[in-house]
Amino acid sequence: MDIVLDHKELIKYPFLKESQQLARRHVESLEEFLGSSPGAVALERAKERVFAAISPKREFQDENAQSLKPELEIASYALARMLVSCIGDRSLIDRLARYEAERASFFLETEDPEIRQFVAWSIGIATGAAAMPVADYVELVPHMRDARWRLVNRDVRQGSVKLEPGELDELIRERIRVILLRQLPLRVPPGICERLEPVTGEISALRQQQVLEQFGEIKEEAFPPCIDALIQAITAGTNLTHMGRFAITSFLHTIGMNITGIAEIFARAPDFDLEKTMYQVEHISGGGGTEYTPPSCATMRTFGLCANRDKDCERVSHPLSYYRFKKNIKKKRS
Ligand code: SF4
């Protein structure tokens with residue numbers, strides 16, 4: 001398509017090839033850029049982007065209110081992706097991709113039809129029709145949770161899925177999210193990650209605080225029976241399966257227990273091996289670059305880890321929901 005976006009438009013859609021080219025014209029060496037004052041400004045804005053991505057509230061600013069130079073605003077998008085890639089926390093990466101997709105979608109809603117069409121075309125979506133070819137549709141919707149997106153619930157005629165007003169916007173947003181997610185984590189050189197450490201440290205601390213606020217103080221008495229059973233097994237010196245160690249470590253990590261706290265639980269085993277335990281705990285807690293979420297009840301059952309089910313288990317489909325539920329009851333009673 002033959003359209004030239006101006007700088008004000010490019011900052012709204014920093015993932016576009018044209019936006020990246022603009023930023024690249026101003027940043028020759030990343031090392032040098034990070035050491036410069038424009039680099040510091042862009043990094044600060046990148047931090048704001050990540051903070052906004054993990055904030056429970058979504059607020060997007062009109063692009064005219066942005067005081068940064070367009071190239072720095074776009075560089076901040078690239079730096080934000082580096083920050084979450086260096087941290088390696090999957091939930092942070094997901095949130096940033098979602099935030100960037102929602103931000104672009106916010107601007108697209110009020111965009112000129114020509115520009116809207118260009119952005120949609122750039123990500124492989126044709127606008128202007130009230131239907132979409134089934135093959136394109138099926139590729140877009142696998143992660144859209146609402147049952148209305150399932151193909152069996154759609155009006156499909158002559159190989160096309162009919163779209164209701166407004167649905168195309170949702171599909172564009174999802175497409176942007178998936179594209180951004182596929183590109184992450186970026187392979188950031190270790191030296192750059194080291195350089196970004198003061199900022200990644202701040203982000204990790206905020207994320208940790210959020211987790212703690214979400215789950216509050218750790219209460220062993222609210223642990224689900226399966227997790228209790230795993231702790232008992234460790235204390236008795238039973239050799240846990242890999243999935244058992246994974247389930248307990250990822251559960252404790254998600255509710256906000258730090259690595260030392262988790263290692264202390266493993267230290268209840270008579271044959272406790274500090275080095276081996278720390279390696280495994282750090283790996284499952286995100287030290288290997290990927291943070292794992294604990295398995296659901298269905299998965300726990302499949303691996304024979306759903307032990308001592310009680311009546312509260314009937315209300316939940318995830319050990320984390322059990323824990324949250326039990327903690328709330330205890331809070332109300334106290
Ligand atoms: S039902 Fe879920 S929470 Fe309850 S014991 Fe089984 S896995 Fe744990």
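Listed values, structure above:
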{"read-out": "Other-chain or far-sequence residues with amide H under 5 Å of Val161's (modelled H)", "value": "Met132, Val134"}
{"read-out": "Glu102-Ala135 pseudo-label distance in nm [points 7 Å out on the Cα-to-Cβ vector]", "value": "3.4 nm"}
{"read-out": "Å² of accessible area per residue within the chain, as computed with a 1.4 Å probe and no ligands counted", "value": "54 Å²"}
{"read-out": "Area of Val134 that stays accessible when all protein chains are in place (1.4 Å probe, Å², to 10)", "value": "40 Å²"}
{"read-out": "Global geometry of the chain, whether rounded, prolate or oblate, following the gyration tensor of its Cα atoms and the 1.5 cut on a/c", "value": "oblate"}
{"read-out": "Overall form of region 78-168 per C-alpha gyration tensor (a/c, 1.5; a/b vs b/c)", "value": "oblate"}
{"read-out": "Under the Karplus curve 6.51 cos²θ - 1.76 cosθ + 1.60, θ = phi - 60°, whole-Hz ³J(HN,Hα) for region 132-145, x wherever Gly or Pro sits", "value": "9, x, 3, 4, 5, 4, 4, 5, 7, 9, x, 9, 8, 6"}
{"read-out": "Of Trp121, Pro38, Ile87, farthest towards positive along the dipole that unit charges on Lys, Arg, Asp, Glu beta carbons give region 24-134", "value": "Ile87"}
{"read-out": "Region 48-99: GluC sites (Glu not before Pro) in DSSP coil with no more than 15 other Cβ atoms inside 10 Å", "value": "Glu59"}
{"read-out": "Karplus 3J(HN,Hα) series, Hz, for region 26-36 with 6.51 cos²θ - 1.76 cosθ + 1.60 (x for Gly, Pro)", "value": "9, 10, 8, 10, 4, 3, 5, 4, 5, x, 9"}
{"read-out": "C-alpha long axis of helix 70-87 to longest principal axis of the chain, angle in °", "value": "20 degrees"}
{"read-out": "Cα-based Lys pair tally, region 217-333, threshold under 14 Å, eight or more apart or on separate chains", "value": "5"}
{"read-out": "Of all accessible heavy-atom area on the chain, the percent that carbon and sulfur account for (1.4 Å)", "value": "50 percent"}
{"read-out": "Approximate spin-label separation Ala147-Asp312, in nm, with each point projected 7 Å along Cα-to-Cβ", "value": "2.9 nm"}
{"read-out": "Whether region 217-333 is rounded, prolate or oblate, judged on the alpha carbon gyration tensor where a/c under 1.5 counts as rounded", "value": "prolate"}
{"read-out": "Full-stretch length increase - Asp228, Gln61 - with 0.36 nm per residue and alpha-carbon distance subtracted", "value": "55.4 nm"}
{"read-out": "For the chain, calculated [θ]222 nm from helices alone, where every DSSP H run of n ≥ 4 adds -39500 (n - 2.57)", "value": "-18000 deg cm²/dmol"}
{"read-out": "Per DSSP, loop chymotrypsin sites (Phe, Trp or Tyr not before Pro) in region 52-118 with at most 15 further Cβ within 10 Å", "value": "Phe60"}
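The values are calculated or read from the model by the stated rules, or taken from the named source; none is laboratory data. From a predicted model like this one, the values you see are computed outputs, not experimental measurements. Because the Cβ atoms are built from the backbone with ideal geometry, glycine has one as well, and the counts that use them run over all protein chains shown. Accessible surface areas use protein heavy atoms only, side chains included; no ligands, DNA or RNA. Shrake-Rupley method; radii C 1.70, N 1.55, O 1.52, S 1.80 Å.
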